[in-house]
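Enquirer: Following this message is one structure expressed as structure tokens.
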Amino acid sequence: MPKFSGDTLLVATHNAGKLEEIAHLLQPYGVRVIGAAERNLPEPDETETTFLGNARIKAHAAAQAAGLPALADDSGIEIDALGGAPGVTTADWAETATGRDFVMAMRRVHDMLLENKARQPWTARFCCTLVLAWPDGHDEVFEGTVDGWVVWPMRGTEGHGYDPIFQPEGYDVTFAEMDRWEKNRISHRAEAFRKFIGSCFG
């Protein structure tokens with residue numbers, strides 16, 4: 001597996017918070033992190049049916065457009081009683097005409113579980129797939145998951161997305177009830193990034 005040998009890494013995201021988090025993680029390695037917005041890169045359509053497929057679309061599009069190694073991620077929650085949904089459409093379930101409404105999305109999850117007469121515990125997992133792509137078309141893949149279950153009612157005000165209804169295995173609190181740094185230590189994204197850093201910078 002090739003090591004990262006450049007001094008600049010393009011992160012294929014327009015999310016300033018995600019960019020800041022990644023820049024912080026890579027600070028010890030002397031890598032300059034820039035985002036897609038800084039290079040005026042468009043967001044490609046995510047047309048695949050897997051986290052890996054969509055992460056590859058974003059990473060390769062950015063690497064080709066900018067001529068730099070590019071890192072992209074795709075993530076979401078899979079709920080067993082819903083056949084793995086929402087999965088790659090995790091964010092889409094929250095879309096409204098005026099922006100994303102994750103409270104609405106969480107209510108939809110709960111309503112569907114009741115409609116399906118799903119027996120508890122409602123096992124689930126958060127998944128994250130990172131793809132590092134080079135301009136020559138090569139890529140490396142790093143995946144992380146955290147298992148747990150869906151709880152109801154929603155609990156906690158920290159975090160984002162579906163965090164108020166996800167309780168990770170081994171804990172008695174939801175992601176949204178956790179200290180931000182504790183959640184970041186055990187999360188699906190943290191596991192994927194540990195693999196990425198260990199392989200490319202270790």
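The values are calculated or read from the model by the stated rules, or taken from the named source; none is laboratory data. Source: prediction; values computed, not measured. Quick reminder, even Gly has a Cβ in these numbers, built from the backbone with ideal geometry, and neighbours come from all protein chains shown.
Enquirer: Out of Ala61, Ala81, I need the residue that is surrounded by 18 or more Cβ atoms within 10 Å (Cβ to Cβ), in contact with a Pro (Cβ under 7 Å, 6 or more places away or on another chain), of a type in the set (Gly, Ala, Ser) and over 22 Å from Gly159 (Cβ atoms). Which one? Working first, answer last.
Expert: Working: Ala81 fails: in contact with a Pro (Cβ under 7 Å, 6 or more places away or on another chain).
Testing whether each residue is surrounded by 18 or more Cβ atoms within 10 Å (Cβ to Cβ), in contact with a Pro (Cβ under 7 Å, 6 or more places away or on another chain), of a type in the set (Gly, Ala, Ser) and over 22 Å from Gly159 (Cβ atoms) leaves just Ala61.
Enquirer: Condition first: over 14 Å from Cys128 (Cβ atoms), hydrophobic (A, V, I, L, M, F, W, C) and touching a residue at least 40 places away in the same chain (Cβ under 8 Å). Now tell me which residues in segment 148-189 satisfy that.
Expert: Val150, Trp152, Met154, Ile165
Enquirer: Kindly indicate which of Thr129, Thr145 is crowded, with 23+ Cβ neighbours inside 10 Å, closer than 19 Å to Arg189 by Cα and in contact with a helix residue (DSSP H, G or I) (Cβ under 8 Å, 6 or more places away or on another chain).
Expert: Working: Thr145 fails: crowded, with 23+ Cβ neighbours inside 10 Å.
Residue meeting the stated conditions: Thr129.
Enquirer: Moving on. Take the residues in segment 13-36 that are in contact with a Gly (Cβ under 8 Å, 6 or more places away or on another chain) and touching a residue at least 24 places away in the same chain (Cβ under 8 Å); name whichever of them is nearest to Leu71 (Cα to Cα).
Expert: Thr13
Residue by residue, here is whether (1) within 26 Å of Pro164 (Cα to Cα); (2) under 15 Å from the mean Cα position of the chain (by Cα) holds:
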residue	(1), (2)
Asn54	yes, yes
Gln64	no, no
Pro86	yes, yes
Arg107	yes, no
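Enquirer: When you look at Ala12, is it aliphatic (A, V, I, L, M), at pLDDT 90 or above, touching a Lys or Arg at 6+ places or on another chain (Cβ under 8 Å) and under 17 Å from Phe193 (Cα atoms), yes or no?
Expert: Details: aliphatic (A, V, I, L, M): yes; at pLDDT 90 or above: yes; touching a Lys or Arg at 6+ places or on another chain (Cβ under 8 Å): yes; under 17 Å from Phe193 (Cα atoms): yes.
Answer is yes for this residue.
Enquirer: Do we have Glu38 as among the acidic types (Asp, Glu) and either touching a Phe, Trp or Tyr at 6+ places or on another chain (Cβ under 7 Å) or closer than 17 Å to Leu130 by Cα (or both) here?
Expert: No; evaluated as a whole, the condition is false for this residue.
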